[in-house]
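**Student:** Right, I'll just put the structure down here and ask away after.
The values are calculated or read from the model by the stated rules, or taken from the named source; none is laboratory data. Nothing here was measured: the structure is a model prediction, and the numbers come from that model. We place every Cβ from the backbone using ideal geometry, glycine too, and count neighbours over all the protein chains shown. Accessible surface is based on the protein model in full, side chains and every heavy atom, while ligands, DNA and RNA are left aside. Shrake-Rupley method; radii C 1.70, N 1.55, O 1.52, S 1.80 Å.
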Amino acid sequence: MTDLKPPLHLDHARPLADQVAAHLLQGREGVPVDLSDTLVIVPTAGAARAIRVALAAATQGVLSPTFRLPMEALLPTDSTTAAPVERLAAWVQVLRRTPRSRFAALVPPAVKLSAPEDWLGVATRLIEVCDTLGEAGLSPADGQLATLCAADAARWTEFGKLYEDYDSLLQGAGRPDPNSLRRAQATKPLPLPGIRRIVVAAVPDLPSVVASWLEALEKQGVTCQVLCAPSGAVDAPVDRWGRPDPEWWLTHRVQVPEEVLVVENDTASEAVALIDFAAKHGGEGFGLVSAAPETTAAMEAEVARRGAVPYLPEGRPLRQTEPATIITAWDDFRRTGRLRTLRPLLQLPLFLRLLSEGTDLSGADASTACDRLLAEKLCTTLEAAAAWSRADQSAKPDAVVIRRFVDAVQALVARDLQGQALLAALYAPDEPAEAHTAAELETLVEALDEADTSPLLAEFSPDWREALHRGLLMSRRVFTAAPEDAVEIHGWLEAPWIAAPVLCVAGCREGALPSGVREDAFLPDAIREKLGLPCQKTRYARDACILSGLLAMHGSGHLRLGCSRFRPEGEPNRPSRLLFGCTEEELPARVEKIFQPAPTSRRLPAARPAWKLHLDPPPPVASIRVTGFKHYLECPLRFCLS
């Protein structure tokens with residue numbers, strides 16, 4: 001057994017990926033250089049790509065090391081664990097077959113559990129808690145939770161018993177819970193075939209369960225080396241795993257020069273200002289980073305508006321893709337019949353093609369007919385629209401178009417298309433698809449296959465399967481290869497790995513930078529800190545350390561930090577506390593700069609109504625029948641129109 005080597009501190013004089021590559025190649029010779037005996041634990045997938053590029057540039061050939069994200073590294077490569085949909089199904093089965101009196105403290109009786117979405121919502125929340133505990137090598141059945149959370153001891157006791165049933169159910173199906181495997185690995189790890197050394201490559205927040213696993217491997221003779229990303233404070237302490245010391249960073253504020261701040265009214269204007277700076281000063285290369293989801297969307301839109309192709313290395317949520325949107329919205333419409341659910345689908349050419357098959361219904365006619373049914377005929381459902389269509393058999397063009405539209409929708413509903421059958425109808429097998437569409441379809445089909453083939457879902461009815469499909473699509477991401485000449489928009493943790501001299505960071509608000517740890521009833525922040533889980537202190541230390549390193553690497557002339565006062569929905573933002581890093585004398589001016597009103601937004605033209613609904617005033621109500629009083633209270637307008 002050898003002692004764990006102390007962390008090796010990298011510097012900001014060279015790109016981070018180049019330094020990691022140089023460390024991996026140290027002492028290795030030959031063509032190609034053989035690094036296949038090395039496991040590299042990286043903070044993000046983008047970091048792995050950057051290191052691969054650096055290795056290729058530094059050698060005439062290399063046998064690549066294995067790259068894994070921290071929590072993925074604990075899972076043996078040949079293991080078969082429960083898929084996300086199977087974990088959801090297992091929790092739902094356990095909850096449904098357990099009398100509610102046995103988990104009344106966990107899920108209070110006031111919480112409605114009737115529709116599939118209700119059960120799936122509870123199951124999703126329980127999985128989130130289990131995954132959070134898994135980062136510390138714990139499960140809800142761990143006894144210390146009831147002790148630490150004495151006021152909620154009953155809740156944790158019930159949770160622990162249900163978790164044991166859930167874990168047994170998955171084990172019995174031969175699909176163990178991934179967190180169970182990680183806990184076993186942390187205490188008694190399986191040998192890593194062919195791996196003789198492990199390098200932790202600048203992971204600023206290594207989970208404690210991964211640290212325990214590395215310690216256990218070290219005792220088995222595997223060499224472990226931790227590389228620390230550079231920060232602007234040379235004396236900033238880190239622990240043996242390269243994690244910043246929270247107490248030190250709470251008392252050593254990062255000094256942020258005023259010239260790096262870009263403050264705008266809204267996310268669209270923020271994206272414009274940052275990309276303008278990158279275009280003006282980034283002749284030798286620039287990097288775009290977004291710390292918040294709303295600024296990611298704004299930067300995507302602005303890059304596309306300028307004629308370039310935006311690309312998200314972290315992947316795109318599957319729910320935002322066109323095929324997934326069609327599947328979820330169409331399932332919702334089939335269940336509810338609400339025309340407002342159908343209306344967004346009429347803007348998608350792919351769906352319109354399917355709807356108009358065998359008819360002469362155009363996209364404009366379909367949209368117009370739906371709008372008239374909603375706004376003029378006050379038909380909110382397909383049933384009401386069909387009744388109106390049957391009643392109005394006039395030859396007026398508007399009435400003819402509405403009847404044609406209703407007939408087309410009813411015919412499509414009658415085909416009972418869902419899941420993969422709907423995909424097959426949307427996409428012809430011999431029709432060529434763009435690369436990103438092919439990746440979306442592949443990910444979507446894979447997700448649907450999981451729900452359709454798993455033995456854990458055999459007992460669920462079609463309604464339940466549709467609900468599981470919708471829940472599954474909400475959590476998946478689509479990863480595609482970067483198009484040629486694409487403009488990449490990175491996440492915050494990718495920022496230290498960007499070698500470009502100019503860097504623009506959007507979304508510097510509280511909850512995104514520092515990254516927010518949601519306060520919840522299960523794991524309050526104080527309990528998280530005691531359990532070694534990510535908490536407010538550790539997240540602040542991590543992000544302050546990264547920001548300090550970026551300032552040292554790029555300097556105030558090549559770095560810009562963006563913040564907007566309002567989100568797209570109009571909700572006010574709280575600027576990141578890191579932006580207030582200055583002396584006490586400079587603080588009043590800094591506050592004024594961040595909070596003073598900005599000029600008119602750059603990309604938000606004033607909204608104008610396309611048309612107005614003109615209604616004659618209703619006649620005065622002289623009397624109301626007793627049987628009609630309820631309808632009058634529900635909606636006086638509809639009552640008068642009837």
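**Student:** Mind ranking 296, 538 by accessible surface for me, highest first, 1.4 Å probe?
**Tutor:** Largest accessible area first, the list is 538, 296.
**Student:** Now for a different question. Return the long-range amide H neighbours of residue 478 (sequence gap of 5 or more, or a different chain), with a cut-off of under 5 Å between placed amide H atoms.
**Tutor:** Here the answer is 316, 318, since their amide H atoms fall under 5 Å of that of residue 478.
**Student:** Something else: With every protein chain left in place and a probe of 1.4 Å, what is the accessible surface of residue 475, to the nearest 10 Å²?
**Tutor:** 80 Å²
**Student:** If the only charges are +1 at each Lys and Arg Cβ and -1 at each Asp and Glu Cβ, what is the size of the charge dipole of the range 30-90 around the Cα centre, to the nearest 20 debye?
**Tutor:** So the magnitude is around 220 debye.
**Student:** Right, another one. What is the gain in length, in nm to one decimal, between residue 8 and residue 165 on full extension, counting 0.36 nm per residue of separation less the C-alpha to C-alpha distance?
**Tutor:** 52.1 nm
**Student:** Subtracting the Cα-Cα distance from 0.36 nm times the residue separation, let me have the gained length for residue 396 to residue 184 in nm, one decimal.
**Tutor:** Using 0.36 nm per residue and subtracting the Cα-Cα distance, I get 69.1 nm.
**Student:** Now a separate question. For a quick check of your reading of the filter: which GluC sites (Glu not before Pro) in the range 282-377 sit in a DSSP loop and have no more than 15 other Cβ atoms within 10 Å?
**Tutor:** 284, 357, 376
**Student:** Go through the range 411-417 residue by residue and turn each phi into a ³J(HN,Hα) via Karplus (6.51, -1.76, 1.60, θ = phi - 60°); whole Hz please, and just put x for glycine and proline.
**Tutor:** For the range 411-417, the Karplus-derived couplings read 5, 5, 4, 5, 6, 6, 7 Hz, x marking Gly and Pro.
**Student:** Let me ask something else. Taking the Cβ-Cβ separation of residue 632 and residue 98 as r and a Förster radius of 56 Å, what is the calculated FRET efficiency to the nearest 0.05?
**Tutor:** Result of the calculation: an efficiency of 0.80.
**Student:** Compute, for residue 580, the solvent-accessible surface of its heavy atoms (probe 1.4 Å) with the complete set of protein chains present, and express it in square angstrom to the nearest 10.
**Tutor:** Surface accessible to solvent at residue 580 totals approximately 40 Å².
**Student:** On C-alpha positions alone, give me the angle between the axis of helix 536-554 and the longest principal axis of the chain, in degrees, nearest 10.
**Tutor:** 70 degrees
**Student:** Please compute the per residue accessible area over the chain with all protein chains in place, 1.4 Å probe, rounded to a whole number of Å².
**Tutor:** Counting only protein heavy atoms, the per-residue value for the chain is 48 Å².
**Student:** Go ahead and estimate [θ] at 222 nm for the chain from helices alone: -39,500 (n - 2.57) per DSSP H run with n ≥ 4, summed, over the residue count, rounded to 500.
**Tutor:** Numbers: 26 runs with 298 residues, N = 642.
Estimated from H runs of four or more residues: -14000 deg cm²/dmol.
**Student:** Of 400, 33, which has the most accessible area and how do the rest follow, probe 1.4 Å?
**Tutor:** These residues rank, largest area first, as 400, 33.
**Student:** Here's another thing I want to ask about it. Between residue 28 and residue 118, what length comes free when the chain is fully extended (0.36 nm per residue of separation minus the Cα-Cα distance, one decimal in nm)?
**Tutor:** 26.7 nm
**Student:** Return the long-range amide H neighbours of residue 506 (sequence gap of 5 or more, or a different chain), with a cut-off of under 5 Å between placed amide H atoms.
**Tutor:** The list, which skips near neighbours in sequence, is 289, 290, 291, 562.
**Student:** Assuming R0 = 51 Å, what is the FRET efficiency of residue 384 and residue 520, from their Cβ-Cβ distance, to the nearest 0.05?
**Tutor:** My answer for the efficiency is 0.80.
**Student:** How far apart, in nanometres, would the label points at residue 591 and residue 280 be if each is projected 7 angstrom from Cα along the Cα-to-Cβ direction?
**Tutor:** 2.9 nm
**Student:** On to the next question. Once label points are set 7 Å from the Cα along Cα→Cβ at both residue 556 and residue 438, what is their separation, rounded to one decimal in nm?
**Tutor:** Roughly 5.0 nm, to one decimal.
**Student:** So how do 554-560, 492-498 stack up, highest first, on mean other-Cβ count within 10 Å?
**Tutor:** Highest mean packing first, the order is 492-498, 554-560.
**Student:** Can you pull out the trypsin sites (Lys or Arg not before Pro) in the range 90-143 whose DSSP state is coil and whose Cβ has at most 16 other Cβ atoms within 10 Å?
**Tutor:** 112
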